[in-house]
Amino acid sequence: MADGGSARLVLLGPPGSGKGTQAALLSEGLGVPAISTGDMLREAVAEGSELGRRVESVMAAGELVGDELMAELVRERLAKEDAAEGFLLDGYPRTASQVKTLDEILEAGSVSLDHVLFVDAPADVLVERVLARRRADDTEKVIRERLRIYSEKTQPLVESYRSRGLLRDIPGNQTIAEVAASIDAVLSGQTQVGATS
Ligand code: AMP
């Protein structure tokens, strides 16, 4: 597994793309924490904390939690010591406003992102995978809503990161090991990364 010092990463992709699985694998290989905002929120709901009570119904409907609340959560998490040398963000940012917040957080720490790994797969594969996974918020209606919101709010971030020269396209319609190998190739610099203009 490449380390190469490239350890500030965002995993971007639709629900079911497999980015969570890859984040966990990468975290182990790179020795940096995988920070899944979805997991953090699910934990808060399970604990019944104030945050959990605030986000429960939004999550159950497949909608996005508000940008300000997310900003607070991510700012606090990235300030923890284990994220000082790097992190893998899985599920954040998801909106243009969240991109701005993340830029501000990183700038304040005089660090920057190394890569935005965009894991994508065809829509029918995504629905099939998410249905097979069946989390509490994974009814078919909710899945479709999550995919709709992804297209509307999150998909535009792909081109925004591409224009900044940060985006790396990772085909997600392969086995877990193949996706991991594609990511590894990017991180070790074996893959020509996207042109900036
Ligand atoms: P995930 O496990 O990443 O699919 O997230 C599960 C749910 O948590 C989402 O459907 C949202 O309701 C909420 N969530 C996770 N990350 C974010 C985020 N960055 N912005 C807004 N809501 C989020």
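Counted residue by residue at 0.36 nm each, then reduced by the alpha carbon distance between them, the extension gain from E50 to R75 reaches 7.2 nm.
On the basis of the beta-carbon distance and an R0 of 45 Å, V111 and K141 show a calculated FRET efficiency of 0.65. Counted by Cβ distance under 10 Å from P171, the other residues give a net charge of -3, where Lys and Arg count +1 and Asp and Glu count -1.
What's the FRET efficiency of A96 with E43 using the Cβ-Cβ distance as r and R₀ = 25 Å, to the nearest 0.05?
Details: r = 27 Å, r/R0 = 1.06.
So, using R0 = 25 Å, E works out to roughly 0.40.
With a cut-off of 19 Å on the backbone N, the residues of region 85-125 near the modelled label site 7 Å out from A185 along Cα-Cβ are 115-122. The residues packed around D103, meaning those with a beta-carbon under 15 Å from its beta-carbon, carry a net charge of +1 if Lys and Arg are +1 and Asp and Glu are -1. Translational diffusion coefficient of the chain (Stokes-Einstein, Kirkwood radius from Cα pairs, 4 °C, 1.567 mPa s): 76 µm²/s.
Wrap a convex hull around the Cα atoms of region 1-79, take a quarter of its surface area, and give that in square nanometres. Provide the component values of the computation, followed by the final result.
Working: hull surface 24.1 nm².
So the mean shadow area of the Cα hull is 6.0 nm².
If the chain linking V58 and V158 were pulled fully straight, counting 0.36 nm for each residue of separation and taking away their Cα-Cα distance, it would gain 33.6 nm.
For region 133-176, the gyration tensor built on C-alpha atoms gives an oblate shape. Its axis ratio a/c (a ≥ b ≥ c) is at least 1.5, and a/b is not larger than b/c.
A short reminder: the numbers here are calculations on the coordinates, not readings from a lab. The model shown is predicted, which means the values in this text are computed figures rather than measured ones. Please note: Cβ atoms are built from the backbone with ideal geometry, for glycine as well, and neighbour counts cover all protein chains shown.
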